[in-house]
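The values are calculated or read from the model by the stated rules, or taken from the named source; none is laboratory data. What you see is a predicted model; the values in this text were computed from it and never measured. Cβ placement follows ideal geometry from the backbone for every residue including glycine, while neighbour counts extend to all protein chains displayed.
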Amino acid sequence: MKQKFLIASLMVLVMAASASAFSGHQAWSFQPEATVSSGIAVSGNTVFFGSETGRCYAVNKNTGRLIWEFKAENSIYGVPSVSGGKVFFAEGDGTVLCLNASTGEYLWASGGFGGKDTRGRDVNDGLSDGAVIGGGLIYVSKDDRKVHALNESNGKNAWTYTTGDQGVRSAPAYANGIVFVGEYDGIFSMLDAKSGKRLNGGGAGGAVNTPSVNNGNVYFSAWDGSVNAVQIKDVIPLWHVNVKDTITTQPEISGGRIIVGTGRGTVIALSENDGRMLWRFDTNCGSISSKPVAADGLVFVGAESGPMFVIDASSGKKVGFVGSEEGITGNPAYSEGRLFFGNGAVYAYD
């Protein structure tokens, strides 16, 4: 699929005055057989992603050349997780697929949770986001209104946690032996990662997105426009703000800022310290569902239509934009001065 427009030249002109290493030059692009449906994961010199027709890909981070391709059976959602030489992909029917990260060799698949397993199929209860890994387990939220923990080595179920009536539509988060879960009916929970027992929690007036953790605090945003900061130890609320707009992304934490995207296409930066508004930027390109990425003094964010916007992290002013009008729905990634994102294809920019 061809780009409808490319504004790298604008980026070069604007970035000349910036201290950032990012210049906006396209390094490479990779064309999969179908639209990219997952976020981008980077590990070592490899970029991992999946397509809406169930293809899992590994390409070289430096050249964009294909390393391997694996044909799964359903659309790939969320961001692939990499650990211990394995890469884990979440399929739309609820399957978690484990492959050798170097070769793409099939290791196991687990998804039925009461149905069959390891490609015996009869999988039920789909999902709409990815799986995360930590402490030797993989955590995934499924349409059966449960959070499941799987053994990293064989995919067997370690525990399940039953959520509220409306279930979970976003991936859990993991940090320091705790699984953080945001539910669709506004409940936020901290679970013991080994047992799945609920330790503590809180709530919001709308669906809670995937939480983010930094410096012993957890931050969660919700569709009612609220952002909450909680000290994990002793579960002490730190601050609560409402930005008066539906927040549709996981918070990005960088440089003392909490950065979120909204259903109206606005990017908002709050102080990590006290939640006060630092700046807001309107993309005018529809809802933002992919998590913003902040690095090297810049914020990268894409909406459902339009290109990838590049914003100055301090001021909230537009530096430029790269990519195409196709829109971005999966989370981008940034590694060693290079930006990676997908839509009809996967792109790398320096």
query: Which residue out of Gly112, Gly126, Gly130, Gly94 is at pLDDT below 95, surrounded by fewer than 20 Cβ atoms within 10 Å (Cβ to Cβ) and under 21 Å from Asn331 (Cα atoms)?
result: Gly126
query: So is Gly164 buried (at least 17 other Cβ atoms within 10 Å of the Cβ), in contact with a strand residue (DSSP E or B) (Cβ under 7 Å, 6 or more places away or on another chain), at pLDDT below 95 and within 20 Å of Gly196 (Cβ to Cβ) or not?
result: no
message: Of the residues Arg169, Arg145, Arg198, only one is in contact with a strand residue (DSSP E or B) (Cβ under 7 Å, 6 or more places away or on another chain), surrounded by fewer than 20 Cβ atoms within 10 Å (Cβ to Cβ) and at negative phi; which?
response: Arg198
- line: Over region 292-311, the set of residues among the charged types (D, E, K, R) and touching a residue at least 60 places away in the same chain (Cβ under 8 Å) is Asp296
query: Restricted to region 283-334, and to residues that are among the hydroxyl-bearing types (Ser, Thr, Tyr) and surrounded by fewer than 18 Cβ atoms within 10 Å (Cβ to Cβ), which residue is nearest to Thr266 (Cα to Cα)?
result: Ser305
task: Evaluate the following for Val36: is it crowded, with 19+ Cβ neighbours inside 10 Å and either within 13 Å of Gly342 (Cα to Cα) or modelled with pLDDT of 95 or more (or both)?
output: yes
- prompt: Any idea how many residues of region 195-226 are under 19 Å from Ala171 (Cβ atoms) and part of a loop (DSSP other than H, G, I, E, B)?
  reply: 8
Enumeration of residues in region 243-277 that are under 24 Å from Phe309 (Cα atoms) and either among the aromatic types (Phe, Trp, Tyr) or surrounded by fewer than 17 Cβ atoms within 10 Å (Cβ to Cβ) (or both): Lys244, Gly255, Gly256, Arg264, Ser271, Arg276, Met277
query: Somewhere in region 255-264, is a residue without any contact (Cβ under 8 Å) to a residue 24 or more places away in the chain and out of contact with any Gly (no Cβ under 7 Å at 6 or more places or on another chain)?
result: yes
